[in-house]
Amino acid sequence: MPADGQADSRGDAPPAAVVRAAFEALAAGDLARLLELVDPALEWTYLDPDDPDPQPQVCRGRDELRRRLGEQGASITVEEIVPCGQRAVVVTRVPGLDARRARATGDRNFHVVTVHAGRVAALRACRSRFEAVAIATSEPVTP
């Protein structure tokens, strides 16, 4: 696993830079740029906003991400990106989010993003920043 801020052996951008670019594109509403940074075989684990204790559900593929993001249209602010090797913890804020879901998090979402070969390969929603950090620093990354 490369050290934080280091390019991987393929010479791709450092994982944290890929994550930052992807979330900046999302915040700017630049879906085309975001999708350029996402692996076609993306595994996206999300939490059902209607469930107060949601269990992770999985979507696969860049096309599914495009469809889901096209339906949302919400304003997003990136509050924090914490590099963890090939992963990063990302905290975002969406004003009014808590009013539309069963569990309150201060209008925040918490994600663990995995980068492989210079693209976002996995996106995992978490219930809290604590959970995201625990996942980002404990699970092995598969090549």
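The values are calculated or read from the model by the stated rules, or taken from the named source; none is laboratory data. In this text, all values refer to a predicted model and were calculated from it rather than measured experimentally. So basically every Cβ, Gly included, is an ideal-geometry build from the backbone, and we count neighbours across all protein chains shown.
Checking each residue in the stretch 1-29 for being at pLDDT 90 or above and among the hydrophobic types (A, V, I, L, M, F, W, C) picks out Ala16, Ala17, Val18, Val19, Ala21, Ala22, Phe23, Ala25. Just one of (1) at pLDDT 90 or above; (2) within 15 Å of the chain's Cα centre (by Cα) fails for Ala32. It is (2).
In the stretch 90-109, is there at least one residue being outside any helix (DSSP H, G or I), within 14 Å of Val18 (Cβ to Cβ) and touching a strand residue (DSSP E or B) at 6+ places or on another chain (Cβ under 9 Å)? Yes, the stretch 90-109 contains at least one residue that is outside any helix (DSSP H, G or I), within 14 Å of Val18 (Cβ to Cβ) and touching a strand residue (DSSP E or B) at 6+ places or on another chain (Cβ under 9 Å).
Within the stretch 64-80, the set of residues being β-branched (Val, Ile, Thr) and either at pLDDT 90 or above or surrounded by 14 or more Cβ atoms within 10 Å (Cβ to Cβ) (or both) comprises Ile76, Val78.
Gly61 meets the stated requirement of being farther than 21 Å from Ala17 by Cα, modelled with pLDDT of 85 or more and surrounded by 14 or more Cβ atoms within 10 Å (Cβ to Cβ).
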